[in-house]
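Visitor: First, the structure itself, so that you have it in front of you.
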Amino acid sequence: MISYGKQNISQKDIDNVIEVLKSDFLTQGPTIENFERYVANYCGAKYAVAVTNATSALHIACLAAGLKKGDILWTSPNTFVASANCGLYCGADIDFVDIDDNTYNMSIAELEQKLKETKIKPKVVIPVHFAGQSCDMLRLKELAEKYGFMIIEDASHATGADYLKTKIGSCQYSDMTVFSFHPVKIVTTGEGGMVLTNSKELYDKLILFRSHGITRNKDFMKRESDGPWYYEQVDLGFNYRMTDIQAALGISQMARIDEFVAKRRYLANRYNELLKNMPLKLPYQSQNTNSSWHIYVVRADFSKLKITKQELFAKMREKGINLNLHYIPVHTQPYYIKLGFNKGDFPISEKYYEEVFTLPLFYDLTDKQQEYVVKCLGGILKNA
């Protein structure tokens with residue numbers, strides 16, 4: 001079965017993990033800091049905080065931003081639910097900005113119009129770099145400076161991607177950036193995430209929220225230390241710590257990130273050529289971006305085909321190919337319907353959902369497998 005995505009684990013990855021397993025530190029040891037430093041240096045950011053997953057990364061980023069009850073977070077409907085849920089975890093309200101019909105990222109035009117029309121402005125905006133392509137961060141930063149909101153980039157898809165010739169994660173246009181290291185992402189730690197920032201103030205808060213709100217730093221303590229064992233809980237934090245085992249895998253994976261991204265770009269370009277004569281809308285790339293291609297999505301107008309999306313998925317699976325779909329618009333989920341959202345609120349995202357599906361794309365996908373995927377898809381659509 002050809003899956004839509006999966007990890008690549010090398011012998012070097014295995015050796016790195018075994019080395020940590022034989023060491024004195026399985027967690028809260030030096031490997032985590034080494035991993036954080038590696039990613040920060042690669043992206044050009046000052047600070048990085050490794051955590052259990054991208055969801056916890058989004059959560060502590062929102063907490064560090066001061067998001068709380070009475071505040072509002074805006075994000076894209078075309079994302080995984082965690083991009084919105086993180087605001088709810090903080091007690092804030094959630095709203096969405098519809099997507100651009102070409103990039104499938106948050107529409108900056110829609111964002112600007114909504115900012116002009118809405119009396120209560122967001123405290124935090126989370127743009128999602130969908131599929132690995134950056135949002136228009138320069139324009140977003142200009143709007144943030146004008147309207148006074150903070151930016152947390154959800155770059156879960158975009159490790160290794162570029163925007164205006166700078167690495168995603170540099171935080172040049174944002175307050176914080178979040179990465180995911182889930183097995184289907186560009187690099188993996190099994191489960192894992194990270195927050196990057198250039199702000200020492202935000203970094204100190206992220207460190208606190210990652211580990212129970214506890215500190216051993218005398219600068220943050222409220223009382224004199226009782227001795228070398230002493231620590232204080234100075235805020236309400238969480239146990240979102242990554243292990244050294246995961247960090248060891250992350251370091252080894254990061255050593256190959258450019259190789260991973262280059263292969264994905266090669267496969268994406270190949271899809272563009274192989275699919276160009278099919279009745280599909282292929283991915284659009286802005287001239288200011290260079291995607292890391294976490295996923296490759298295409299759109300089909302099923303109203304003009306004699307096949308439903310469900311039938312297409314079933315027929316491809318019969319041929320040993322697992323398609324996927326990214327994403328069901330968050331505002332149409334039952335939980336968000338209960339919060340007051342309705343179908344029809346964000347029509348571009350909803351139209352996109354009706355047409356989109358995700359083709360297999362991962363480092364180990366061979367040319368022969370990719371050609372088989374395209375052949376099977378073409379045959380099904382031709383007979384539809």
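Visitor: Students often get this wrong: which residues of the stretch 353-378 have the backbone nitrogen under 19 Å from the point 7 angstrom along Cα-to-C-beta of Arg270?
Guide: From the stretch 353-378, the list is 358-378.
Visitor: Ignoring everything except DSSP H segments at least 4 long, calculate the 222 nm mean residue ellipticity for the chain; use -39,500 (n - 2.57) per segment, divide by total residues, nearest 500.
Guide: Taken over the chain, the calculation gives -11500 deg cm²/dmol.
Visitor: Against the longest alpha carbon principal axis of the chain, how many degrees, from 0 to 90 and to the nearest 10, is the axis of helix 54-64 turned?
Guide: That helix lies at roughly 50 degrees to the long axis.
Visitor: Taking amide H positions as placed in the peptide plane 1.01 Å from N, state which residues far from Gln28 in sequence (5 or more) or on other chains have amide H under 5 Å from it.
Guide: Placed amide hydrogens put Asp244 under 5 Å from Gln28.
Visitor: Quote the charge dipole size of the chain about the Cα centre in Debye, to the nearest 20; the model charges only the Cβ of Lys and Arg (+1) and of Asp and Glu (-1).
Guide: Computed charge dipole of the chain: roughly 780 debye.
Visitor: Then there is this: Ranked highest first by average number of other Cβ atoms within 10 Å, how do 366-372, 44-50 line up?
Guide: The packing order, highest mean first, is 44-50, 366-372.
Visitor: Please work out how much length the chain gains when fully extended from Thr118 to Leu339, using 0.36 nm per residue of separation minus the C-alpha to C-alpha distance, in nm with one decimal.
Guide: 77.7 nm
Visitor: What is the spin-label model distance, in nm, from Leu282 to Tyr147 if the labels are put 7 Å beyond Cα along the C-beta direction?
Guide: 3.5
Visitor: Shape verdict for the stretch 272-355, please, from the Cα gyration tensor: rounded (a/c under 1.5), prolate (a/b greater than b/c) or oblate.
Guide: Oblate, because a/c is 1.5 or more while a/b does not exceed b/c.
Visitor: If you roll a 1.4 Å probe over the chain with all protein chains in place, what percent of the accessible area is carbon or sulfur?
Guide: Percent of accessible area from carbon and sulfur atoms in the chain: 50.
Visitor: Probe of 1.4 angstrom, ligands and nucleic acids ignored: what's the accessible area per residue over the stretch 9-101, in square angstrom?
Guide: Ligands and nucleic acids excluded, the result is 42 Å² per residue.
Visitor: Here's something else I'd like to know. Apply 1/(1 + (r/R0)^6) to the Cβ-Cβ distance of Asn34 and Val234, taking R0 = 22 Å, and write down the FRET efficiency to the nearest 0.05.
Guide: In this case the efficiency is close to 0.25.
Visitor: I want to check a number: in the stretch 204-295, how many lysine pairs have alpha carbons closer than 30 Å, given a sequence separation of 8 or more or different chains?
Guide: Lysine pair count for the stretch 204-295: 4.
Visitor: Taking the highest mean first, how do the peptides 211-217, 174-180, 114-120 order by number of other beta carbon atoms within 10 angstrom per residue? Each step should come with its number before you reach the end.
Guide: Working: 211-217: 15.6, 174-180: 28.0, 114-120: 11.0.
Packing proxy ranking, top to bottom: 174-180, 211-217, 114-120.
Visitor: Hey, what angle do you get for helix 244-254 against the long axis of the chain, alpha-carbon based, 0 to 90 degrees rounded to 10?
Guide: Rounded to the nearest ten degrees, it is 50.
Visitor: Can you tell me the accessible area per residue over the stretch 190-297, all protein chains present, probe 1.4 angstrom, in square angstrom?
Guide: Per-residue accessible area for the stretch 190-297 comes out at 51 Å².
Visitor: Run the reach check for Lys185 against aspartates and glutamates, Cα to Cα strictly under 18 Å, same-chain hits fewer than 8 apart removed. What comes back?
Guide: Straight-distance partners of Lys185: Asp13, Glu36, Glu153, Asp154, Asp162, Asp258, Glu259, Asp364.
Visitor: Got a sec? What order do Glu201, Glu259, Glu112 fall in by accessible area at 1.4 Å, biggest, i.e. largest, first?
Guide: Glu201, Glu259, Glu112
Visitor: Above 16 angstrom, tally the Cα pairs of the stretch 100-179 and express them as a % of all pairs, no decimals.
Guide: For the stretch 100-179, the share of Cα pairs beyond 16 Å comes to 46 percent.
Visitor: Also: Gain in length, Glu311 to Asn383, computed as 0.36 nm per residue apart minus the alpha-carbon separation, to one decimal in nm?
Guide: Details: separation 72, 0.36 × 72 = 25.92 nm, distance 1.24 nm.
So the chain would gain 24.7 nm between Glu311 and Asn383.
Visitor: Also, I was wondering about something else. According to a simple spin-label model (label point 7 Å from Cα along Cα-to-Cβ), what is the distance in nm between Lys351 and Glu19?
Guide: Each label point is offset 7 Å from its Cα along the Cβ direction, giving 5.3 nm.
Visitor: Peptides 137-148, 233-244: what's the order by average Cβ count within 10 Å, highest mean first?
Guide: On the way: 137-148: 15.6, 233-244: 17.6.
The packing order, highest mean first, is 233-244, 137-148.
Visitor: Just grab the label-to-label distance for Ser10 and Thr166, each label 7 Å out from Cα along the Cβ direction, in nm (one decimal).
Guide: Computed distance between label sites Ser10 and Thr166 equals 3.0 nm.
Visitor: Another question, if that's okay. Over the chain, what is the percentage of antiparallel beta bridges among all DSSP beta bridges, to the nearest 5?
Guide: 65
Visitor: Hey, what's the per residue convex hull volume over the C-alpha atoms of the stretch 40-97, in cubic angstrom? Please list the in-between numbers first.
Guide: Values: hull volume 5.7 nm³, N = 58.
Once divided by residue count, the hull of the stretch 40-97 is 98 Å³.
Visitor: Can you spot the lysines whose alpha carbon is less than 18 Å from Lys343's alpha carbon? Ignore those fewer than 8 places along the same chain.
Guide: Within reach: Lys351.
The values are calculated or read from the model by the stated rules, or taken from the named source; none is laboratory data. Source: prediction; values computed, not measured. Cβ: placed from backbone, ideal geometry, glycine included. Neighbour counts: every protein chain shown. SASA here: full protein model, heavy atoms, side chains in, ligands and nucleic acids out. Shrake-Rupley method; radii C 1.70, N 1.55, O 1.52, S 1.80 Å.
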